[in-house]
Amino acid sequence: MGGTLGERPKTTVLICEDHRVVADALGTIVGLEPDLELVAAPTPDPAEAIAISARTTPHVVLMDIELGSAINGLEATRQIKRVSPGSNVVILTAHDADSLLVEAIEAGASGFLHKSEAIEGVIGAVRKAAAGDALIDPVRLPGLLQRLAQEREAKRDELLLVSQLTAREREILQLLARGSRIEEVAETLTISPHTVQTHVRNVLAKLGAHSKLEAVAIGMRVGAIEP
């Protein structure tokens, strides 16, 4: 889609929101603006939003962060930025915890829009996002960026630690992540429980972890093992 207003192309918008009243209201608001255009009807399904984004490359995506789906708004944002890098995703949220905002920035979001925002604020946010502006409180931005940098540095350190694990140690860590007990790991790998315990101690030492659970958490954070 994407008609024109005189010589000026319209800003195309996609809405992903699973509260029907909110979705309909947002759709109506966007539809009333002569310079804005929906690429599709609002959808509650993040998988559909990803597919629509790949097909239509909207300028702006309004994305609810809490969706009743296996894919939440943050993961949907990551995937939309992969299939449509030019789309600017604005997170719709009823919360403003710093940890949530940092996760959204990491996912590629351009900013945040509180669900209590007035109509003028919604329209203004869409236009700013389309223009490439970051919709983040400038007072909070330095702190958020500092936290983001610290988390990335911590992740790099964990990646380095995990890279020291042998293939067998990763294999055992993966089995532990699936809830296997030492005896079950030993049976699966046809080795003795004593050998498994030795490998586990080595894993904990290399990762600087105090427990099997902490080691599994580190492996999951860096994507070395699957849940």
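Work through the residues other than GLU169 whose Cβ is under 13 Å from its Cβ and net out their charges, Lys, Arg +1 and Asp, Glu -1. Could you put the intermediate results ahead of the total?
Numbers: positive: ARG168, ARG170, ARG201, LYS206, LYS212; negative: GLU171.
Neighbour charge sum, excluding GLU169 itself: +4.
Classify the range 152-221 as rounded, prolate or oblate, taking a ≥ b ≥ c as the square roots of the eigenvalues of its Cα gyration tensor: rounded when a/c is under 1.5, otherwise prolate if a/b is larger than b/c and oblate if not.
Verdict is prolate for the range 152-221.
Skipping prolines and chain starts, which residues have an amide H placed within reach, meaning under 5 Å, of the one on SER180, given they are 5 or more residues away or on another chain?
So SER180 has HN proximity to no qualifying residue.
Would you mind classifying the chain by shape? Square roots of the alpha carbon gyration tensor eigenvalues, ordered a ≥ b ≥ c; an a/c under 1.5 is rounded, otherwise it is prolate if a/b is larger than b/c and oblate if not.
Details: a/c = 3.12, a/b = 2.42, b/c = 1.29.
Here the chain falls in the prolate category.
Per the helix-only calculation at 222 nm, which mean residue ellipticity applies to the chain, given -39500 (n - 2.57) for every DSSP H run of n ≥ 4 and division by its residues, nearest 500 deg cm²/dmol? Walk me through the numbers before you get to the answer.
On the way: 10 runs with 122 residues, N = 227.
Computed mean residue ellipticity for the chain: -17000 deg cm²/dmol.
Counting only complete DSSP H runs, which helices of the chain cover 24 Å or more along their long axis at the Cα atoms and score a mean Kyte-Doolittle of -0.5 or above?
Values: long enough: 141-162 (31 Å, -0.27).
Span-like helices here: 141-162.
Beyond 22 Å, what share of the Cα-Cα pairs of the range 4-136 is found? Please give it as a whole percent. Could the numbers behind the result be given before it?
Numbers: 2235 of 8778 pairs.
Result for the distance tail: 25 percent.
Quick one: how many lysine pairs in the chain have C-alpha atoms under 29 angstrom apart, if they're 8 or more apart or on different chains?
Lysine pairs meeting the criterion: 9.
What is the sum of charges, Lys and Arg at +1 and Asp and Glu at -1, for the other residues whose Cβ falls under 14 Å from the Cβ of THR28?
On the way: positive: ARG20; negative: GLU17, ASP24, GLU33, GLU37.
It works out to a net charge of -3.
Compute the relative contact order of the chain as a whole-number percentage, counting only Cα pairs closer than 8 Å that sit 6 or more residues apart in sequence. Don't jump to the answer; show the numbers that get you there.
Working: 327 pairs, mean separation 29.0, N = 227.
This gives 13 percent for the chain.
Report the full-extension gain for the segment HIS95 to ALA70: residue separation times 0.36 nm, less the Cα-Cα distance, to one decimal in nm. Intermediate values should be presented prior to the final figure.
Values: separation 25, 0.36 × 25 = 9.00 nm, distance 2.01 nm.
Answer, rounded to one decimal: 7.0 nm.
Take SER110, SER211 and order them by how many other Cβ atoms sit within 10 Å, fewest up front.
On the way: SER110 24, SER211 9.
By the 10 Å Cβ count, ascending: SER211, SER110.
All of the numbers you see were taken from the coordinates with simple rules; none came from a lab. These figures come from a predicted structure and were not determined experimentally. All Cβ positions, even for glycine, are placed from backbone atoms using ideal geometry, and neighbour counts span all protein chains on display.
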